[in-house]
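Since the structure comes first, as structure tokens, the remarks are kept for the end.
The numbers here are math on the coordinates, done by the rules we state, and not lab data. Just so we're clear, the structure is a prediction, and the values are computed from it rather than from any experiment.
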């Protein structure tokens, strides 16, 4: 899978682009995690992985790519999300900015 992301002056290292898929068939038993300050364990039936920048540009858009096989068989609903990233952030989603594609 490849996506071209318009970064509006940012560099590919300033953002994270993730592929997120949720199993539809056979139906996965997903429940919302309990509210706590610790990272939730991976949900069964949910697959997410980081897309890597290829170094290629399409106009002003950086190209990100993912070469991976799904963790299991079945029908998945897939989305791509992008959010700002820096190694000194206390939490990956601390900026409160995320775009789902």
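Normalised by the number of residues in the chain, what is the relative contact order in percent for Cα pairs under 8 Å and 6+ residues apart? Before the final figure, lay out the partial values.
On the way: 156 pairs, mean separation 38.9, N = 101.
Once normalised by length, the contact order is 39 percent.
D for the chain, whole µm²/s, Stokes-Einstein with Kirkwood Rh over alpha-carbon pairs at 25 °C and 0.890 mPa s: what number? D = 162 µm²/s. If the segment from residue 81 to residue 100 were pulled out straight at 0.36 nm per residue, it would be longer than the present Cα-Cα gap by 6.4 nm.
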